[in-house]
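Engineer: Following this message is one structure expressed as structure tokens.
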Amino acid sequence: MRRLDLYYTPQFLEHKTGAHPECPERVAVCIKHLSSSASDNLRVVAPRRADLADVGRVHDAGLVAAVESLARAGGGEVDSDTVVSEGSFDAALDAAGAAIDAATAVAQGGCDASFALVRPPGHHATRSRAMGFCLFNNVAIAARRLLAQEGLRRIAILDFDVHHGNGTQEAFYEDPRVLFVSFHRFPFYPGTGRREETGAGPGKGYTVNVPLPGKTSAARYLSLWDEVLEEKVKPFRPEILLVSAGFDNYSRDPVGGLNFELPDFRDLGRLVLRLADASCGGKVAGVLEGGYDLDALPRCLEAYLQGLGALPAGTA
């Protein structure tokens, strides 16, 4: 079984959102569930806080300053979906730091697999805008750090959240070093992610969008996922897989929903692992994005990690 490092800090609970689907309980129920059911190969690690240079590789200084200022003033709304509280700026820096640490640990061979159990999530945050529950783009910040300081030249980001990762797409739309693959419900929030959005300039062809109607079965989704991994990602020869893991594909998720049940997340994890073993020595680092059914979320996450071979099978 693969050793799993899980990056988590109680600071994530200090991003207080009120009566909101993206609530502190999301990570609280996950850490409780995994801590009680996982085997000895799981280690919970406190992340280091990202510094402003890390965040600045992805986001404008004006956005960072605006989020910090709103938090220091006691909080408020960025938009109708996205909330900042007094503890949100620190939580967002910790979330970015957790994504960096998770990715770096795997890239350097410090662990077999890693997962950043973070909030706020990140994949909707663009260079200049916090949106869609997201303040800073955690997976993009981690990828930029690997490119800048770890010497990586080819990174694949796989996004299976039910919503399109518009912020991640924007960050790497002209960058051939990062292959971005997003499977998502469409038409749906945020309205981006059409099949013809494939990158620009030197990045042309390095964005792969697979928009899916809401009626798509899990079997069809997984078949397409396997096809894209084999035909698009494997030939790219990534040196690491970064996964934006959204569990709002779950059939009864109150925000999304795309007909997944628990075993489907396990199967998805198996396909990711197969690709990782074939292309980059098994190197996979995940970052939590969506998933808002508090009863199902920890079991969906557990099933995915079982598929990666990082938790014992048969308990989710």
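Readers should treat all values here as calculations from the given coordinates under stated rules, not as data from a laboratory. Because the structure is predicted, anything quoted here is derived from the model rather than measured. All Cβ positions, even for glycine, are placed from backbone atoms using ideal geometry, and neighbour counts span all protein chains on display.
Engineer: Amide H of Ile240 versus every other amide H placed in the peptide plane: which residues, excluding those fewer than 5 positions away on the same chain, fall under 5 Å?
Structural biologist: Close amide H contacts, sequence-distant or interchain: Ala156.
Engineer: Size of the dipole of region 4-307 about the Cα centre, Lys and Arg at +1 and Asp and Glu at -1 on the beta carbon, nothing else charged, in debye to 20?
Structural biologist: Details: 31 positive and 40 negative charges, 119 e Å.
For this selection, approximately 580 debye.
Engineer: Grab the Cα-Cα distance for Arg2 and Arg43, subtract it from 0.36 nm times how many residues apart they are, and report the gain in nm with one decimal. The partial results should precede the final answer.
Structural biologist: Details: separation 41, 0.36 × 41 = 14.76 nm, distance 1.15 nm.
Between Arg2 and Arg43, full extension yields an extra 13.6 nm.
Engineer: Let me ask something else. May I ask you to derive the relative contact order of the chain, considering only C-alpha pairs under 8 Å and at least 6 residues apart, and to give it as an integer percent?
Structural biologist: On the way: 766 pairs, mean separation 61.8, N = 316.
Answer for the chain is 20 percent.
Engineer: How long is the gain from Arg194 to Lys32 if the chain were fully straight, where each residue apart is worth 0.36 nm and the alpha carbon distance is subtracted?
Structural biologist: Details: separation 162, 0.36 × 162 = 58.32 nm, distance 3.76 nm.
Full extension of this stretch gives 54.6 nm more.
Engineer: Can I ask one more? Pull up the cross-link candidates among the lysines for Lys204, meaning alpha carbon to alpha carbon under 28 Å and not fewer than 8 places away within one chain.
Structural biologist: Lys232, Lys234, Lys283
Engineer: Just to be sure I understand the model, the point goes 7 Å from the Cα along the line to the Cβ. What's the resulting Ala148 to Asp60 distance in nm?
Structural biologist: Label-label distance for Ala148 and Asp60, simple model: 1.8 nm.
Engineer: Which residues' amide hydrogens lie under 5 Å from the amide hydrogen of Ala116, considering only partners 5 or more residues apart or on another chain, with H built in the peptide plane?
Structural biologist: Here the answer is Tyr7, Gly286, Val287, Leu288, since their amide H atoms fall under 5 Å of that of Ala116.
Engineer: Does the chain come out rounded, prolate or oblate by the C-alpha gyration tensor, with a ≥ b ≥ c the root eigenvalues, rounded set by a/c under 1.5 and, if not, prolate when a/b is larger than b/c and oblate if not? Each step should come with its number before you reach the end.
Structural biologist: Numbers: a/c = 1.23, a/b = 1.12, b/c = 1.10.
Rounded, since a/c falls under 1.5.
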